[in-house]
Amino acid sequence: MFDYQISDHFDYLAPDFTDLFERSNASAFQHPQWLTKLQSYMAKHSKAEGITLTIREQATGRLVLVLPMLRRRKGVLRILEFANLGFVDYASSIYDPTRLHFLLQQKDLPKRIAALLPAYDLLWIKHIQTPDLILSHLFGKAERLEAGFSSHRTCFNGSFEDWQQKNMSKKRRGNLRRARKALGEQGSVSTRLLECEEEIETAFKALQAFRHQRFSNQAQNEWIQDPEVCAVYIELAKSGLKDGTARTYQLMVGEDIAAVGFGLCHRNDFVYLLPGADYENYARFSPGLVLLEDMIKSLINDGFCGFDFSIGDEAYKTKFGTRANAIHTLAKAETWLGQCAMAAARLMKNRTDNMSKRELLALALPPKKKAWLDKPAMLQNDALACVADQLRPAADNRLLTRPQYLEVATPLSPQEGKVA
C-alpha cells in the first residue's frame, strides 16, 4: 500500500510537498520555505547529516508523510532528532490527515522505518507542542519527557479594545499608556509593518545589536549573533514579504529604531520569534512592550486569530493574557551510550555540581557496565570522561538545549570500553 524512502536531500519546494504541507496540521516551522533554508544551512555550516523520511501511496505515488530529521554527534553520542539546528520551535510530523487512519493501521510501520534509519544511540525529538500520533506510532517505545518549559499563546476575539479589556489588567494597560506617553516625549512614536527588503535588512542589523546589548554576557550562545544564522532569518523575512509567511515590525522614536519584532504567519496565527529593543537608550520606557501592543493591534485589524509567543517562560508573556502549553520531548535509547544520556535527562532537575565523574557515571551506566568503574584506568579513558562531562550539564537543565554543535568525536566501543 505504501512505499518508504530515506533521502539525504529532499526538495521541500516541490509541488507534492507543498500540497502535503497545506493539507497537514504541521506548524509554521515545517513550511517548505523554512525547511529549504534549514536544509541549505545544514549543508553549508553543520556537520549534522540530513535525513528525510518519506512515505507515498504505491498506487498513485502521492506523498502522505514526510519527517525531516538529522543525525548529529554531541561528544561521543550519536543523536537522531527532528531537523532543528536551533531554527525550529515546534516539531511536527507532516502527514495527510485523510491517510492517518491507514498509517496507524500499519503494524509493521515502526519496523520498516527502523530498518531505513541510520544507526544512532539516542532518539531525541524535542519541542513537541501537542501529542503527535505519527511520531508516537513510529517510535512506540519512546518516552515522553517534560521539557520543563511551555509555549504561550493569546487568542483574539473581537476588536483590539475587546481583546485588551479581556486579557490585560487595568494596571498593565495604564502602565503601557504611561510608557507610550513618556516615549513620545523623546520623539514622535510610530510602529510600522516593514514592506521593503532594504528596511528589513536595516531592522535586522538593529535587532542583532539590541540582542547583543541585552545578552552580552551570553554572547557565545546568542543565536542571532552568528552572521550565517542572521542571514537565514533575513532571507525568510524577505520571502515573507512576497508570500505573506512572515512579518517584521519596527518601533520608531523620532529617527531612531527603538524596537524590532519578527515572526511567522501561519493559518491566521502569528508566531513571535525574534524580539529586540534598544534598552541602552530607552529601557525605562518599555519599548519592547509598546511594540508588542502595536503588533497585536495590527494583527487583529488584519484578521489574525492569535498571537503565539512561542517557547520559553519569560514573565512578560503572561502580561498579554496568554495560556501556557507544556512542551515535551520524545526520547528513546538504542544503545548503552543512549541509556547514559537518558539517565542524564532524568536527572535534569537535580543539581550535581559536586559529583565526581565516577558518581555521575554510576548513576547513568547500565548495571552490567558499572564494573568498569572499579578499574582506575577506565576513569582515565577519554571517551568515558567525555560521557561524564556530558552528564553534568545535562543534570543542570542544559541537556540538548539550543545546539552548540561540538566537533565530531570517534565512537566508543561498548565491548572494549575503548575508543574504536
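The numbers here are math on the coordinates, done by the rules we state, and not lab data. None of the values given here were measured: they were computed from a predicted structure. We place every Cβ from the backbone using ideal geometry, glycine too, and count neighbours over all the protein chains shown.
For the stretch 11-20, how many residues meet the condition of being in contact (Cβ under 8 Å) with a residue 40 or more places away in the chain and either surrounded by fewer than 20 Cβ atoms within 10 Å (Cβ to Cβ) or acidic (Asp, Glu) (or both)?
So the count comes out to 2.
Does any residue of the stretch 140-149 turn out to be touching a residue at least 40 places away in the same chain (Cβ under 8 Å) and more than 27 Å from residue 335 (Cβ to Cβ)?
Looking for residues that are touching a residue at least 40 places away in the same chain (Cβ under 8 Å) and more than 27 Å from residue 335 (Cβ to Cβ), one finds at least one in the stretch 140-149, hence yes.
With respect to the numbered conditions (1) surrounded by fewer than 22 Cβ atoms within 10 Å (Cβ to Cβ); (2) farther than 24 Å from residue 85 by Cα; (3) touching a Gly at 6+ places or on another chain (Cβ under 7 Å); (4) not basic (Lys, Arg), which one is the sole condition not fulfilled by residue 279?
Only one criterion is unmet by residue 279, namely (3).
Kindly evaluate residue 65 against the criterion of being within 30 Å of residue 224 (Cβ to Cβ), in a strand (DSSP E or B) and not small (Gly, Ala, Ser).
no
Within the stretch 254-268, track down each residue that is surrounded by fewer than 24 Cβ atoms within 10 Å (Cβ to Cβ) and either within 22 Å of residue 308 (Cα to Cα) or aliphatic (A, V, I, L, M) (or both).
Hits for the stretch 254-268 are 257, 265, 266, 267, 268.
Mind listing whichever residues of the stretch 273-320 are among the basic types (Lys, Arg) and out of contact with any strand residue (DSSP E or B) (no Cβ under 7 Å at 6 or more places or on another chain)?
Once the filter is applied, which keeps residues that are among the basic types (Lys, Arg) and out of contact with any strand residue (DSSP E or B) (no Cβ under 7 Å at 6 or more places or on another chain), the stretch 273-320 yields 284, 297, 319.
Determine, yes or no, whether residue 270 is in contact (Cβ under 8 Å) with a residue 40 or more places away in the chain and either in contact with a strand residue (DSSP E or B) (Cβ under 7 Å, 6 or more places away or on another chain) or in a loop (DSSP other than H, G, I, E, B) (or both).
So residue 270 does not fit the description; no.
I'm trying to understand the selection: among the residues of the stretch 282-316, which are aromatic (Phe, Trp, Tyr) and either closer than 17 Å to residue 164 by Cβ or surrounded by fewer than 18 Cβ atoms within 10 Å (Cβ to Cβ) (or both)?
Within the stretch 282-316, 304, 307, 309, 316 meet the criteria.
Would you please name the residue that is nearest to residue 147 (Cα to Cα), looking only at residues in the stretch 312-340 that are part of a strand (DSSP E or B) and of a type in the set (Lys, Arg)?
332
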